[in-house]
Each structure stands twice: as structure tokens, then as C-alpha cells.
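> Shown below is the structure under consideration.
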Amino acid sequence: MTQDEEARHRAKMIKRKEVQDREVASKMVEKGLLIVHTGPGKGKSTAAFGLMLRALGRGFHVGVVQFIKGAWETGERLALDRFSDQVEWHTMGEGFTWETQDRSRDVAAAERAWDKAKGLMAREDIRLLVLDELNIALRYDYLDLAQVVETLRQRRPDLHVVVTGRNAKPELIEAADLVTEMNLVKHHFAAGVKAQEGVEF
């Protein structure tokens with residue numbers, strides 16, 4: 001770059017920093033967030049566990065309730081076992097809906113998981129709670145949507161809750177503070193690549 005180009009770039013970045021600093025300074029609210037990760041793309045639970053890692057680094061106590069996934073061994077569970085003094089993990093599902101093929105059993109498992117989630121939400125020591133695949137339980141009407149949304153709205157003010165799963169209900173999206181949709185652009189499954197250790201589980 002020439003000296004003139006460098007000077008123009010610096011002037012542009014100074015102005016950009018002033019705008020950014022004003023924007024950041026205008027944000028005064030601190031509160032527990034209701035975060036929803038949804039959409040047809042891969043990465044919803046992965047992103048939630050990334051937030052958990054960040055929270056653990058800050059010394060938070062965190063909880064996980066898995067609504068659908070069964071008791072199969074995952075890399076994230078094995079990694080987070082190393083933080084057993086900070087993490088409370090509950091795998092409450094009995095497997096994907098196409099595996100159980102038993103609606104009453106799925107409903108009962110979802111209700112047990114929701115009871116566990118409510119118990120964790122009530123605990124003062126939990127700062128972040130991941131409700132993994134809750135969206136799936138709501139999609140199939142295993143739980144009362146209105147009651148779930150109202151309970152999430154009424155949670156204590158400093159609790160962050162992350163809800164994952166495809167097809168988030170509009171009512172949950174409306175109640176949320178942050179919603180991210182993972183879009184599918186390309187997936188290796190389409191090329192015949194199987195689920196692999198360290199990537200899918």
C-alpha cells in the first residue's frame with residue numbers, strides 16, 4: 001500500500017471504531033438470555049456445547065438435559081466429564097423417535113426430562129442450562145408448548161438457557177432473546193460419508 005492508501009485506511013478504521021464504541025457503550029442491560037439454536041443444518045448442539053465451554057472457563061456451574069438422544073457415548077460428554085465439579089449432565093431421552101417407535105414412551109421420557117430441567121432452573125448455582133433437542137420434543141407435542149414457554153419466560157433473571165433442535169416453534173422464537181438458524185449448505189452424508197467419531201459424536 002502507498003502512504004496515501006494507508007492513511008485513508010487508518011482514517012476509515014478510526015471512524016469505524018468510533019461508531020463501534022458508541023454502539024457498545026449504548027448497551028446497558030445485563031440479563032440471563034434465552035438462546036435458541038435451530039434450523040436444518042449441522043451444529044446446533046455443537047454451538048451450545050461451545051457456549052458451555054466458554055461458561056466453564058468463566059467458572060460457571062452448568063447443566064445439560066438431553067431430551068431425545070439416548071445414552072450413547074459422545075465426545076462432548078467425555079470431555080465435559082473432566083469438569084465434573086462444574087457440570088451436571090442428564091441424558092434423559094431414549095433415542096431418536098424413529099428408533100423408539102413408541103409415542104407413549106417418548107412422551108414419558110420428555111416429561112421426565114422437563115421435570116429435571118425445571119429442577120435445574122430452580123437451582124441458584126446453575127448459571128447456564130442447555131436443553132438439548134427440546135425443540136424436537138415440542139415439535140412432536142410430547143410437552144405442552146405454552147407451559148414450556150411460560151416456564152422459560154419466568155426463569156430467574158440471571159439464568160442463561162440454550163434450547164437446541166430443528167423446527168423451533170414460533171412461540172419459542174418469540175420468547176427468545178437470541179435465535180440462530182443453522183442452514184444446510186452442504187453435508188458429507190450426501191456423499192456417503194458416515195457419522196464419524198470426533199465430528200458427529
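> What are the residues whose amide H is under 5 Å from the amide H of A168, where those residues sit 5 or more places off or on another chain and H is modelled from the backbone?
G39
> Here's another thing I want to ask about it. Taking every DSSP beta bridge with both residues inside the chain, roughly what % is antiparallel (nearest 5)? Don't skip to the end; give the middle numbers.
Values: 0 of 23 bridges.
Percent antiparallel among DSSP bridges in the chain is about 0.
> While we're looking at this one, here's another question. Please give the contour-minus-distance gain from Y140 to Q154: 0.36 nm per residue of separation, less the Cα-Cα distance, rounded to one decimal in nm. Provide the component values of the computation, followed by the final result.
Working: separation 14, 0.36 × 14 = 5.04 nm, distance 2.34 nm.
Taking Y140 through Q154 to full extension adds about 2.7 nm, to one decimal.
> What size of dipole, in debye to the nearest 20, comes out for the range 32-191 about its Cα centre when the only charges are +1 on Lys and Arg C-beta atoms and -1 on Asp and Glu C-beta atoms? Don't skip to the end; give the middle numbers.
Numbers: 21 positive and 23 negative charges, 76 e Å.
Roughly 360 debye for the range 32-191.
> May I ask you to derive the FRET efficiency for V185 and V29 from their Cβ-Cβ distance with R0 = 30 Å, giving the value to the nearest 0.05?
Numbers: r = 34 Å, r/R0 = 1.13.
Here the calculated transfer efficiency is 0.35.
> Express the accessible area of the range 1-84 per residue in Å², computed with a 1.4 Å probe while the remaining protein chains stay in the model.
Details: 5750 Å² over 84 residues.
It amounts to 68 Å² per residue over the range 1-84.
> Let me ask you something else. For the ranges 80-92, 107-119, 123-135, what's the packing order if you count other beta-carbon atoms within 10 Å of each residue, average per peptide, and put the highest first? Don't skip to the end; give the middle numbers.
Values: 80-92: 15.5, 107-119: 17.8, 123-135: 21.5.
Highest mean packing first, the order is 123-135, 107-119, 80-92.
> Now, a different point. Tell me the mean residue ellipticity at 222 nm calculated for the chain from its helices only (DSSP H runs of n ≥ 4, each -39500 (n - 2.57), averaged over every residue, nearest 500). Provide the component values of the computation, followed by the final result.
Working: 8 runs with 87 residues, N = 201.
Computed mean residue ellipticity for the chain: -13000 deg cm²/dmol.
> Follow-up question, since we're still on this one. Which far-off residues, 5 or more places away or on another chain, put their amide H under 5 Å from the one on L129, with H placed in the peptide plane?
Those lying under 5 Å, H to H, from L129 are G63, H160, V161, V162.
> Here's a follow-up. Identify all lysines with a Cα-Cα distance to K186 below 29 Å; exclude those on the same chain that are fewer than 8 residues away in sequence.
Hits, sequence-local ones excluded: K42, K44, K69, K169, K194.
> Ok, one more. Using a probe of 1.4 angstrom, how much of the accessible area of the range 111-201 is carbon and sulfur, in percent? Let's see the in-between values first.
Numbers: 2520 of 5220 Å².
On the range 111-201, the fraction of accessible area on carbon and sulfur atoms equals 48 percent.
> Continuing with this model, one more query. Once Lys and Arg get +1 and Asp and Glu get -1 on their Cβ, which of A137, T164, A7 lies farthest toward the positive end of the dipole of the chain?
Final value for the positive-end residue is A7.
> Determine by what factor the alpha-carbon radius of gyration of the chain differs from 2.2 N^0.38 Å, reporting the quotient.
Values: Rg = 20.2 Å, N = 201, 2.2 N^0.38 = 16.5 Å.
Taking the Cα Rg and dividing by 2.2 N^0.38 Å, one obtains 1.22.
> Of I68, T46, N183, which is farthest towards the positive pole of the chain's charge dipole, taken about the Cα centre with +1 and -1 on the beta-carbons of Lys, Arg and Asp, Glu respectively?
After comparing all options, I get N183.
The values are calculated or read from the model by the stated rules, or taken from the named source; none is laboratory data. What you see is a predicted model; the values in this text were computed from it and never measured. Positions of Cβ are generated from backbone atoms using ideal geometry, with glycine treated the same way; all protein chains shown enter the neighbour counts. Surface areas here come from the heavy atoms of the whole protein model, side chains and all, with no ligands, DNA or RNA. Shrake-Rupley method; radii C 1.70, N 1.55, O 1.52, S 1.80 Å.
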